[in-house]
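The values are calculated or read from the model by the stated rules, or taken from the named source; none is laboratory data. Keep in mind that what you see is a predicted model, and the values were worked out from it rather than measured. Here the Cβ positions follow ideal geometry from the backbone for every residue, glycine too, while neighbour counts run over all protein chains shown. Just so you know, the surface numbers come from the protein's heavy atoms only, side chains and all, with ligands and any DNA or RNA stripped out. Shrake-Rupley method; radii C 1.70, N 1.55, O 1.52, S 1.80 Å.
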Amino acid sequence: MAREFAKALKYNMKSRDGYMESEEAIVTWCVGHLVTMSYPEAYDEKYRRWSLQTIPFIPEHFKYEVIDSVKKQFQIVSGLLNRSDVDTIYVCTDSGREGEYIYRLVEQQAGVHGKMRKRVWIDSQTEEEILRGIREARDLSAYDNLSNAAYLRAKEDYLMGINFSRVLTLKYSSPIKSYLKADKAVVSVGRVMTCVLGMVVNREREIRDFVKIPFYRVLAQVEVQGRACSCEWKAVEGSKYYQSPLLYKDNGFLEEKDADAFIGYLQEEPVGVPVVEKLEKKKETRNPPLLYNLAELQNDCSKLFKISPDETLRIAQELYEKKMTTYPRTDARVLSTAVAKEIHKNIGGLRGYGMAAPFAEEILSGGSYKNIGRTRYVNDKQITDHYAIIPTGQGLGNLNGLHPTSARVYEIIVRRFLSIFYPAAVYQKVSIGVKMKGELFSTSFKVLAEPGYLKVSQYSFSRKKADEEGDEKKEEKEEQETACDASFMENLKALKKGTQLPLQGLEKKEGETSPPKRYNSGTMILTMENAGQFI
């Protein structure tokens, strides 16, 4: 990242040990954290031994120290920050809370005074964005609240981890060691990991305590406009089984014999004739989803590519560093007003990306991007540090060097981005309610009438996935069924209330309730996101 800044400045930079320098400026860097909080024994040697007598440990003033493994780089950075010929410091660490914290700790430990300090805040590493960030850099004091939040979070993590890990280990290590037949046992407690562990344990208890309930649904096979259709019975108001204790919910019998008795009743002479009592035709629209934030991207990558959240973050960081996408560690799923005004540049750049080229051209020629600022995809109030993850339209020369999985992650980011410039998908839906001997059986049909944004958002690797599953004809079959459904939907226009339908048979279908699923990385991410305040 430092080299990208040096390149953007276009100074004649010479490489030194831990920094680069020209006549006009110096560029140096941290290697992650250079400074950390000191352990309790740095305050007093008595804290080295874990004891209930020294808990809680809450220092009045917190101590910090340079991390041993990076002392050399700290000395280099500290010396440069305090050099007499340096009058202005541009802070270009990651534009977020943790990046702010990294620099503030270095400045604090290096004892920097009397320098003008400016904060560079950027959303991508393109040359244009780097130069804008330097040009519009604000005084570092404008980010003091962010710095305070970072310090507070670190202290909270520290105090919770130090105190609760010690007290719970002292209280429970003996029975744990005995159970595990181990020499040592430490109970680690953390602000986030303990909450997550609690969620996993609670879910596991639900699964282990779950008792399956079998049930039996009743289905009527009827002919609708020349096509066999399966209609499911439901005990609505007016049914002889309405609110009956014999049922599981309102569409399944708890005992098989009761389902058989019900079918026998329907088949008794005179056999009931299925008659269309309810007929509802409507259009449903589905808008393009909001843009990706990190959690949503991790969730989709978990489902699509079976990769972990850490791997998704690594790839998102890689794409960011290659100037292909914007800053990954964001919780926003919308764009800022300022970015929306310049969004044509991002779209224009994607004309050089194979799968995106026709869509980008269509968006630009149609001008749909011009009104994006008045949609739900642009909202300054929903942005804290950074807007959503989107393609920059640059860095496409790096595509060939990407690992296939990284290329796929980039593709879904591009598809999600371009889809917001397309109209909603429109579905045509028909719901049919059939009455037989006073009992209601229902079915519904849905067909895609107008693809809208779906024509750009549909993921192109689905063919590969079908091949891997050994079902090469799966997509072709789905396409034929869709065409058939569209034709069938036309035939349904002639259907009216009161129409009698031929009954082809009655059947019962056995099922059982299922326990909640164990968390995978995707569901855990979404649960954590929804539990925001708690976490």
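Here the Karplus relation 6.51 cos²θ - 1.76 cosθ + 1.60, evaluated at θ = phi - 60°, turns the backbone of the range 117-128 into coupling constants of 10, 10, 9, 8, 10, 10, 10, 8, 9, 5, 4, 4 Hz, with x for every Gly and Pro. Each label was represented as a point 7 Å from its Cα along the Cα-to-Cβ direction; for residue 400 and residue 459 these points are 2.8 nm apart.
If packing is taken as the mean number of other Cβ atoms within 10 Å per residue, what is the order of 385-398, 122-135, highest first?
Details: 385-398: 22.1, 122-135: 18.6.
Packing proxy ranking, top to bottom: 385-398, 122-135.
Note on residue 141 and residue 250: their simple-model spin labels are 6.5 nm apart, each label 7 Å out from Cα toward Cβ.
Roughly how many debye, to the nearest 20, is the charge dipole of the chain about its Cα centre, given +1 on each Lys and Arg Cβ, -1 on each Asp and Glu Cβ, and no other charges? Please report the intermediate quantities before stating the final value.
Values: 79 positive and 74 negative charges, 118 e Å.
Using only the charged Cβ atoms, the result is roughly 560 debye.
Anything over 32 Å Cα to Cα? Flag those among 370/493; 212/303; 7/72; 323/381; 341/429; 118/341, in the order listed. Listed pairs above 32 Å: 370/493; 341/429.
Within 13 Å, Cβ to Cβ, of residue 47, how many net charges do the neighbouring residues add up to if Lys/Arg are +1 and Asp/Glu are -1? Kindly include the intermediate steps, with their values, before the conclusion.
Working: positive: 46, 48, 49, 63, 166; negative: 41, 44, 45.
Taking every Cβ under 13 Å from that of residue 47, the sum is +2.
Note on residue 71: aspartates and glutamates with a C-alpha under 15 Å away, same-chain residues under 8 apart excluded, are 17, 107.
When every Cα-Cα distance of the range 296-452 is counted in 5 angstrom steps from zero, the calculated P(r) takes the values 1, 8, 15, 17, 17, 14, 9, 5, 4, 4, 3, 2, 1, 0 percent.
Determine the sum of side-chain charges near residue 394: Lys and Arg each +1, Asp and Glu each -1, restricted to other residues whose C-beta is under 10 angstrom from that of residue 394. Net charge in that neighbourhood comes out at 0.
Per residue, the range 26-135 exposes 54 Å² of accessible surface when a 1.4 Å probe is rolled over the protein heavy atoms with every protein chain present. In the range 316-402, taking the dipole from charged Cβ atoms about the Cα centre, the farthest positive-side position among 368, 350, 324 is held by 368. Ignoring aspartates and glutamates fewer than eight residues from residue 257 along the same chain, the ones with Cα atoms less than 17 angstrom from its Cα are 268, 507, 510, 512.
Looking at the range 234-263, which GluC sites (Glu not before Pro) are in a loop (DSSP not H, G, I, E or B) and have at most 10 other Cβ atoms within 10 Å? List each step's numbers first, then the result.
Working: sites: 237, 255, 256; in loops: 237, 255.
Here the GluC sites (Glu not before Pro) that fit, given the DSSP loop and packing criteria, are 237.
Residues of the range 422-441 with the amide nitrogen closer than 19 Å to a label point 7 Å from the Cα of residue 242, along Cα-to-Cβ, please. Residues 433-441 fall inside that zone. In this structure the range 309-369 gives 42 Å² per residue of accessible area when probed at 1.4 Å with all protein chains present. Grouping the Cα pair distances of the range 177-217 into 10 Å bins from zero gives a pair-distance distribution of 22, 25, 34, 11, 7, 1 percent in increasing distance order.
Cross-link reach is defined here as a Cα-Cα straight distance under 18 Å, omitting same-chain residues fewer than 8 places apart; for residue 283 the aspartates and glutamates meeting it are 450, 485, 490. Compute the long axis of helix 193-209 from its Cα atoms, compare it with the longest principal axis of the Cα atoms of the chain, and write down the angle in degrees, 0 to 90, nearest 10. Orientation of helix 193-209: about 20 degrees from the principal axis.
With r defined as the distance between the Cβ atoms of residue 88 and residue 313 and R0 fixed at 35 Å, what FRET efficiency is calculated, to the nearest 0.05? Could the numbers behind the result be given before it?
Values: r = 33 Å, r/R0 = 0.94.
Plugging the Cβ-Cβ distance into 1/(1 + (r/R0)^6) gives 0.60.
Would you mind giving the average projected area, over all directions, of the Cα convex hull of the chain in nm² with one decimal? Show your work: numbers first, answer last.
Values: hull surface 140.1 nm².
Over all viewing directions, the chain projects a mean Cα-hull area of 35.0 nm².
For the chain, take the longest principal axis of its alpha carbons; what is the angle in degrees between that and the long axis of helix 256-267, to the nearest 10 within 0 to 90? Helix 256-267 sits at roughly 50 degrees to that axis. Ordered by solvent-accessible area of protein heavy atoms (1.4 Å probe), largest first, the residues 416, 351, 227 come out as 351, 227, 416.
The residue among 80, 1, 426 whose Cα reaches farthest toward the positive pole of the charge dipole of the chain, with charges on the beta-carbon of Lys, Arg, Asp and Glu, is 80. Put the Cα centre of the range 29-83 next to the Cα centre of the range 207-240 and the gap is 65 Å.
Just to confirm the number: angle between the C-alpha axis of helix 309-321 and the first principal axis of the chain, 0 to 90 degrees, nearest 10? With rounding to tens, the tilt is 60 degrees. Extending 7 Å from Cα along the Cβ direction at residue 518 and again at residue 361 yields two label points whose distance is 5.0 nm.
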